[in-house]
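Have a look at the structure below, then the notes.
Every number in this text was worked out from the coordinates using simple rules, so none of it is lab data. Model, not experiment: these values are computed from the prediction. When we count neighbours, we look across all protein chains shown, and the Cβ atoms used for this are built from the backbone with ideal geometry, even at glycine.
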Amino acid sequence: MASHKITVPGEPVPQGRPRVYRTPYGVRGVDPPKSRSYKALVSWHAHQQWHGEPLDGALKVRVDVYRSIQKSGSKRQHDAKMLGTIRPTVKPDVDNYYKAVSDALTGIAWHDDNQIVAITVATYYDDGGGPRVEIEVEELS
C-alpha cells in the first residue's frame, strides 16, 4: 500500500498535561494553551498536505521528530548530533510528541486513533532542515 507523508515545520511541541476541572456535569480535561495551538498547527499543515478522505483500515504510523541543536556544547558534540551519533535523551518523552500529533490527525488522516496498530517514534537533532515533525501513515489492509 502507498504511504502518505505530512511535514510540520517548526519546533515540535509535546502534549502537555491537561488541566482537570470538576463541573456539574462531571470531570473535564482541557489541553494547555501551548499544546492546543500546536495541535492546531499540525491540523492546518495536515489539511494542506493530506489529499483525500481519512483512511479506514489498520494503520502503521511513523513519527520522526527533529529538534534544534542547543547552542551550548562543543563543536565535536554539535557534529555528533548532526551525524545522529548523539540523539536527544532529554525531556520531553517521545510518547508526548506522538500524542500531540496523533490527536491532531484524528479526523484528517484517520477516523479514530484505535486504527493505529503499529507506531514508530524517533527523535533526532537537525540544524540543516530546521526543526520539524515528519509523519508517515501507511494503510496495512
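Here are some notes:
- Conditions (1) more than 17 Å from Thr7 (Cα to Cα); (2) in a loop (DSSP other than H, G, I, E, B); (3) over 15 Å from the mean Cα position of the chain (by Cα); (4) not basic (Lys, Arg); number of the one not met by Asn114: (2)
- Matching entry among Ile119, Ile69 (being free of Cβ contacts under 8 Å to residues at least 60 places away in the same chain, out of contact with any Gly (no Cβ under 6 Å at 6 or more places or on another chain) and under 19 Å from Glu136 (Cβ atoms)): Ile119
- Once segment 1-29 is narrowed to residues that are touching a Pro at 6+ places or on another chain (Cβ under 6 Å) and not small (Gly, Ala, Ser), the residue that is surrounded by the fewest Cβ atoms within 10 Å (Cβ to Cβ) is Glu11.
- Of all residues making up segment 74-111, the number that are free of Cβ contacts under 8 Å to residues at least 24 places away in the same chain, among the basic types (Lys, Arg) and not in a helix (DSSP H, G or I): 1
- Test: residue in segment 21-37 that is aliphatic (A, V, I, L, M), at negative phi, in contact (Cβ under 8 Å) with a residue 24 or more places away in the chain and not in a loop (DSSP other than H, G, I, E, B): no
- The single condition among (1) over 23 Å from Gly128 (Cα atoms); (2) over 12 Å from the mean Cα position of the chain (by Cα); (3) β-branched (Val, Ile, Thr) that Val90 does not satisfy is (1).
- Residues in segment 1-20 that are assigned to a strand (DSSP E or B), small (Gly, Ala, Ser) and closer than 14 Å to Val65 by Cα: there are none.
- Residue list for segment 103-135, filter: exposed (fewer than 13 other Cβ atoms within 10 Å of the Cβ) and among the charged types (D, E, K, R): Asp112
- Selection over segment 54-73 of residues that are closer than 18 Å to Thr7 by Cα and outside any strand (DSSP E or B) gives a count of 2.
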